[in-house]
1. Between A98 and S6, what length comes free when the chain is fully extended (0.36 nm per residue of separation minus the Cα-Cα distance, one decimal in nm)?
2. Within the set K12/K112; K30/K112; K23/K107; K59/K109, which residue pairs have Cα atoms separated by over 23 Å?
3. At a Förster radius of 35 Å, what calculated FRET efficiency corresponds to the Cβ-Cβ distance of K117 and K30, to the nearest 0.05?
4. Using DSSP to define loop residues, name the GluC sites (Glu not before Pro) in the range 1-103 whose beta-carbon has at most 14 other beta-carbon atoms within 10 Å.
5. Length gain on complete extension for the stretch Q51 to K80, per 0.36 nm per residue less the alpha carbon to alpha carbon distance?
6. Rounded, prolate or oblate: which fits the chain when a ≥ b ≥ c are the square roots of the eigenvalues of the alpha-carbon gyration tensor, with rounded for a/c under 1.5 and prolate only if a/b beats b/c?
7. Please arrange H43, H76, H3 by counting, for each residue, the other beta carbons lying within 10 Å of its beta carbon, fewest first.
8. Can you list the residues of the range 44-59 with backbone N under 19 Å from a point 7 Å past the Cα of D13, pointing along Cα to Cβ?
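Nothing in this text is a laboratory measurement; each read-out follows from the coordinates by a stated rule. Here the structure is a predicted model, which means the values were calculated and not measured. So basically every Cβ, Gly included, is an ideal-geometry build from the backbone, and we count neighbours across all protein chains shown.
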Amino acid sequence: MSHWVSVQAEIKDLDALEEALKKMGYSNIKRNCTARGYGTQNHKCDLVVVQDRYDIGFKLNANGTCDISADFSMIHINEKKFRNEVMQNYSYCKIMKALRRKGLTAKEKVEKDGTIKLTVDLGRMYG
């Protein structure tokens, strides 16, 4: 049985979200379009990961949250695991964007448990 599910996340920056999704391997991403679900279950979204039959939609809310919506049972993705992966990559992209704005770089190390550790080179700031 199919059903549309939404989970919330604190996402405000669509550019960083798109970068995070690309980092996760999603390439067909569109803005301001409809996410397709099973049958007639379609939802207007700010950003959509377009897939073969069923899409993943992201809708920004006025309160600073974002609804991540999809027919997760039909795309065979665990919504909580997906949300956590999106948030990890979104946070990473936000940090890297802020560092680039300041002219800084960071070295990345991914731990066995999936934790990402960043080491920031502050040499340009204090050199």
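1. On the way: separation 92, 0.36 × 92 = 33.12 nm, distance 2.89 nm.
My answer for the length gained is 30.2 nm.
2. Numbers: K12/K112 29 Å; K30/K112 33 Å; K23/K107 16 Å; K59/K109 31 Å.
As for pairs spanning more than 23 Å Cα to Cα, those are K12/K112; K30/K112; K59/K109.
3. Working: r = 33 Å, r/R0 = 0.94.
The value I calculate is 0.60.
4. Sites meeting the loop and neighbour criteria: E10.
5. Working: separation 29, 0.36 × 29 = 10.44 nm, distance 1.92 nm.
So the chain would gain 8.5 nm between Q51 and K80.
6. Numbers: a/c = 2.72, a/b = 2.04, b/c = 1.33.
Cα axes put the chain in the prolate bin.
7. Numbers: H43 18, H76 7, H3 11.
Arranged by neighbour count, lowest to highest, H43, H76, H3 become H76, H3, H43.
8. Output list for this probe position: 46-48, 58-59.
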